[in-house]
Amino acid sequence: MSSRGRRITDEEMSELVSKLQSLLPESRRRSMSRASAAKLLKETCSYVKSLHREVDDLSDRLSALMATLDANSPQADIIRGLLR
């Protein structure tokens, strides 16, 4: 039977929750010790949203920096090299 039609056992769920919790930064994990799966999912979603905001902010800052540089400058070349 495919994994789509099979129910997840409590043991598998516990393992998945543990793996997910290990992906959170230490500061978030400390507050989540022995948290429910639902609370862990909520915290994980919050963390992913914060990462998206951080990526957007860094992208905006990089765009602003690139706008101030001469496109042919050594600094612009370095930045372009880092983005490859």
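The values are calculated or read from the model by the stated rules, or taken from the named source; none is laboratory data. Note that the structure is a prediction, hence the values are computed from the model and not measured. Because the Cβ atoms are built from the backbone with ideal geometry, glycine has one as well, and the counts that use them run over all protein chains shown. Just so you know, the surface numbers come from the protein's heavy atoms only, side chains and all, with ligands and any DNA or RNA stripped out. Shrake-Rupley method; radii C 1.70, N 1.55, O 1.52, S 1.80 Å.
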Counted residues, the stretch 67-82 - those being open to solvent by 60 Å² or more (accessible area, probe 1.4 Å) and either part of a helix (DSSP H, G or I) or in contact (Cβ under 8 Å) with a residue 60 or more places away in the chain (or both): 8
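Assess whether LEU58 counts as being open to solvent by less than 100 Å² (accessible area, probe 1.4 Å), at pLDDT below 90 and not in a loop (DSSP other than H, G, I, E, B).
So LEU58 does not fit the description; no.
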Just one of the numbered conditions (1) surrounded by 10 or more Cβ atoms within 10 Å (Cβ to Cβ); (2) out of contact with any helix residue (DSSP H, G or I) (no Cβ under 8 Å at 6 or more places or on another chain); (3) at pLDDT below 90 is not true of LYS42; which one? (3)
